[in-house]
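Below: one structure, written as structure tokens.
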Amino acid sequence: MKLNRFSHIAGYTLIVLFIAVVSVVGSEGSGSITLGYTILDEEGNQGVNQQTYNEYEGLAVSFNDWQYSFDSGIKLTANLLNTTLNNRNIRASLYKPGKFSISGYNNQYRRTYDFDGNNFTRRRSSGGKASYHINKYMKLFGGYNLSDKHGDKVSELTFVDDTTYSSTDYTKKSYNAGFQVYDKYGNIRVEYRSSDFDDNTTFNRDRESDNINLTASTMIPRYNWIILAGGYHHRTDKYSRDEIELKTNQGWGAVKIYLPDNFVFDYRIL
């Protein structure tokens with residue numbers, strides 16, 4: 001499956017980048033490496049013990065709570081658990097305060113439904129986000145997330161003493177991008193966000209959405225106890241079935257006034 005390959009590539013890319021970065025001369029930090037081997041010997045119903053749903057047999061390599069600081073001011077944090085197994089849970093970030101930040105993650109989870117463990121669903125999630133400060137007044141940002149869930153679910157119908165089976169196979173993608181402008185009085189933020197849901201079991205459940213968000217807030221010069229804020233939100237939802245399209249527009253405004261004796265006047269309107 002294409003998504004499965006992407007999930008593995010994303011996970012291994014984070015691991016390789018982490019090892020490459022911590023190998024750079026001129027850095028100092030802390031962390032630990034854990035090696036272990038899991039042996040599974042299960043008896044009984046595998047669908048009732050939640051603690052063992054996501055256990056896998058094999059060699060596990062983990063990089064625990066790594067934190068590195070470089071001479072350039074760049075900092076690295078990482079927590080890479082079970083990098084060699086299908087229950088991996090890895091997160092890493094690279095950033096320089098006031099300049100840029102990059103972070104990514106990859107994790108997988110399995111849920112078992114029947115006695116023998118033959119019917120299960122598996123969820124995989126990968127993604128990342130980044131931001132870059134052009135100067136002290138403006139920042140660019142964006143992100144991307146990809147997740148899927150597939151497998152077979154089992155449901156027991158106790159009233160009729162029967163069992164039903166249903167399949168799950170979907171992919172969800174989303175990304176966002178925008179910028180933020182700010183000064184000592186307030187800020188303006190503009191963001192575009194898009195998501196796409198693809199149900200591989202049937203075509204008429206596919207849908208996608210596009211969002212545009214604009215927000216602004218400011219203190220009144222020489223009257224910094226008065227804060228004004230407002231925004232606008234536009235959303236378009238599209239459904240594959242019958243090509244349905246729904247558009248929503250909403251504006252809002254707010255004023256907050258800090259009064260003597262710790263009183264606050266807060267008014268909002270949609």
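The values are calculated or read from the model by the stated rules, or taken from the named source; none is laboratory data. Note that this is a predicted model, so its numbers are computed, not measured. Neighbour counts are summed over all protein chains in view; Cβ atoms, including those assigned to glycine, are modelled from backbone coordinates with ideal geometry.
Answer yes or no as to whether GLY230 is more than 20 Å from PHE141 (Cα to Cα) and not basic (Lys, Arg).
It is true that GLY230 is more than 20 Å from PHE141 (Cα to Cα) and not basic (Lys, Arg).
Could you list, in sequence order, all residues of the stretch 84-108 that are within 20 Å of TYR53 (Cβ to Cβ) and either part of a loop (DSSP other than H, G, I, E, B) or among the polar types (S, T, N, Q) (or both)?
Those that are within 20 Å of TYR53 (Cβ to Cβ) and either part of a loop (DSSP other than H, G, I, E, B) or among the polar types (S, T, N, Q) (or both): THR84, LEU85, ASN86, ASN87, ARG88, ASN89, ASN106, ASN107, GLN108.
Inspect the stretch 36-49 for any residue being of a type in the set (Phe, Trp, Tyr) and either exposed (fewer than 13 other Cβ atoms within 10 Å of the Cβ) or in a loop (DSSP other than H, G, I, E, B) (or both) and give the result as yes or no.
Checked the stretch 36-49: at least one residue is of a type in the set (Phe, Trp, Tyr) and either exposed (fewer than 13 other Cβ atoms within 10 Å of the Cβ) or in a loop (DSSP other than H, G, I, E, B) (or both).
For the structure I just gave you, tell me whether ASP148 is surrounded by 15 or more Cβ atoms within 10 Å (Cβ to Cβ), part of a loop (DSSP other than H, G, I, E, B) and touching a residue at least 40 places away in the same chain (Cβ under 8 Å).
No.
Only one of these is within 26 Å of GLN67 (Cα to Cα) and of a type outside the set (Lys, Arg): SER147, SER125. Name it.
SER125
Quick check on my filter: what residues within the stretch 193-223 are hydrophobic (A, V, I, L, M, F, W, C) and within 17 Å of GLY143 (Cβ to Cβ)?
Across the stretch 193-223, the qualifying residue is only ILE212.
I'd like to verify a number: residues in the stretch 232-270 that are modelled with pLDDT of 90 or more, of a type in the set (Val, Ile, Thr) and either more than 18 Å from GLY186 (Cβ to Cβ) or loosely packed, with under 13 Cβ neighbours inside 10 Å (or both), how many?
4
From the residues in the stretch 91-135 that are out of contact with any Ser or Thr (no Cβ under 8 Å at 6 or more places or on another chain) and among the hydrophobic types (A, V, I, L, M, F, W, C), which one is modelled with the highest pLDDT?
Among those that are out of contact with any Ser or Thr (no Cβ under 8 Å at 6 or more places or on another chain) and among the hydrophobic types (A, V, I, L, M, F, W, C), it is ILE134.
Which strands (runs of 3 or more DSSP E) does the stretch 201-270 wholly contain that include 3 or more residues that are of a type in the set (Gly, Ala, Ser) and without any contact (Cβ under 8 Å) to a residue 60 or more places away in the chain?
In the stretch 201-270, 207-220, 223-239, 244-259 are the strands (runs of 3 or more DSSP E) which contain 3 or more residues that are of a type in the set (Gly, Ala, Ser) and without any contact (Cβ under 8 Å) to a residue 60 or more places away in the chain.
Of everything in the stretch 181-231 that's among the aromatic types (Phe, Trp, Tyr) and within 20 Å of the chain's Cα centre (by Cα), which residue is surrounded by the fewest Cβ atoms within 10 Å (Cβ to Cβ)?
The selected residue is TYR192.
Here are VAL154, VAL181: which of them is of a type in the set (Val, Ile, Thr), part of a strand (DSSP E or B) and modelled with pLDDT of 80 or more?
Answer to the selection: VAL181.
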